[in-house]
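What follows is one structure encoded as structure tokens, with my remarks underneath.
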Amino acid sequence: MHFRNFDYAFGSLIACVADNSIFSQPEIRTRFEALFRAYDKEVTFQYFKSFKRIRINFSNPLSAADVKIQFHKTEFLGKEMKLYFAQTLHIGSPHLAPPGPEKQFLISPPASPPVGWKQADDPTPVINYDLLCAISKLGPGDKYELHAATESTPSVVVHVCDSDEEKEAEKEEEAAKQPKPKIIQTKRPDYTPPYRS
């Protein structure tokens, strides 16, 4: 079975070379490229020194298949050279698609609002004067039952906190009742000067 009977989509080969001199010496590189130019005059080369790989791009996939058959596992500069087809994988578009319009408003800052979106005006605040009046009648320390208890529900009772002024006055009274702590002087350590003669 001959390779020309197959339809190849691969027009590139990857050459694995063990000798690093091909990446640094132009005369060896010229000898290497001459092997492949005999099969395709428009062949191009990409050298990847850190991977010890060379990508060989052919204008015709059949030329790439012929070269692979002829030169795979052959010797170049006394070391074995291996050739593999360079595979490309395309899943859908090579570009990232923007998110769906239902999610775009979550991007900060938003690219654009969803279709049909309108700015909502803030409503004017509603002031409940009955509630304000009831709160103003509450005194500190008192309890007020808002909802009486039934057989199935508990009662709701509001306990009003003491005012800050009353708490401050109570703290001052307690502080005045307590005696002030006496500061006890610590004794100076005994010191004897060094003897001089």
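The values are calculated or read from the model by the stated rules, or taken from the named source; none is laboratory data. Small disclaimer: the values here were computed from a predicted structure and weren't measured. Positions of Cβ are generated from backbone atoms using ideal geometry, with glycine treated the same way; all protein chains shown enter the neighbour counts.
Couple of notes before you dig in:
- Here Ala175, Ala169 are screened, and the one residue that is surrounded by fewer than 10 Cβ atoms within 10 Å (Cβ to Cβ), farther than 30 Å from Phe10 by Cα and modelled with pLDDT of 75 or more is Ala175.
- Residues of region 2-27 that are of a type in the set (Asp, Glu) and at pLDDT 85 or above: Glu27 alone.
- Cβ-Cβ under 6 Å pairs, at least 6 apart or on other chains, region 129-149 side on the phi < 0 side of the Ramachandran plot and surrounded by 10 or more Cβ atoms within 10 Å (Cβ to Cβ), far side among the acidic types (Asp, Glu) and modelled with pLDDT under 80: Pro140/Asp162
- Tally, over region 21-80, of residues that are assigned to a loop (DSSP other than H, G, I, E, B), surrounded by 12 or more Cβ atoms within 10 Å (Cβ to Cβ) and in contact with an Asp or Glu (Cβ under 8 Å, 6 or more places away or on another chain): 6
- Test set (1) closer than 30 Å to Pro98 by Cα; (2) not in a loop (DSSP other than H, G, I, E, B) - Val115 fails condition number: (2)
- Taking the conditions (1) surrounded by 10 or more Cβ atoms within 10 Å (Cβ to Cβ); (2) modelled with pLDDT of 75 or more; (3) polar (S, T, N, Q) in turn, Ser112 satisfies each one other than (2).
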